[in-house]
Amino acid sequence: MYVFKEVWVHSSARWLSIMKDVVAGSRREPSFTVAQRPAGNGEIEITAKGSGAFSLRVANLQVLSGANGVWRVRPESQDAPWFAVVVAGGDALQRRELMGYRVIR
């Protein structure tokens with residue numbers, strides 16, 4: 001029986017380390033590419049190339065339009081970084097991430 005004042009972190013840390021290795025070992029490299037480029041008027045064009053359906057998840061970005069792996073976005077705040085994650089086939093392990101700070105006009 002453990003004493004309530006003891007902190008048992010070693011076994012928990014070992015378990016989390018093992019689970020990280022198991023998950024990382026099952027993750028395969030995404031089979032698609034993503035690119036970003038300035039599109040004028042403070043907008044950014046994000047393009048995903050590969051087969052399958054893609055979805056876009058964003059932070060600090062307003063999605064203006066999107067279809068067939070091409071999205072036009074605009075940062076909501078120029079004072080904070082923005083993030084975009086392109087997910088293939090609804091599988092969050094199959095993703096590519098983009099990040100930026102200021103948009104070149």
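For the residue pair R37 and V70, what label-to-label distance in nm results when each label sits 7 Å from Cα along the Cα-to-beta-carbon direction? Each label point is offset 7 Å from its Cα along the Cβ direction, giving 1.0 nm.
Phi-derived couplings, Karplus 6.51 cos²θ - 1.76 cosθ + 1.60 at θ = phi - 60°, listed residue by residue for the range 29-37: 5, x, 9, 9, 10, 10, 9, 10, 7 Hz, with x used for Gly and Pro. Taking label points 7 Å from Cα along the Cα-to-Cβ direction, T47 and A59 give a separation of 2.7 nm.
Bear in mind that the values in this text are calculations on the coordinates, not laboratory data. Here the structure is a predicted model, which is why all the values come from computation and not from measurement. Please note: Cβ atoms are built from the backbone with ideal geometry, for glycine as well, and neighbour counts cover all protein chains shown.
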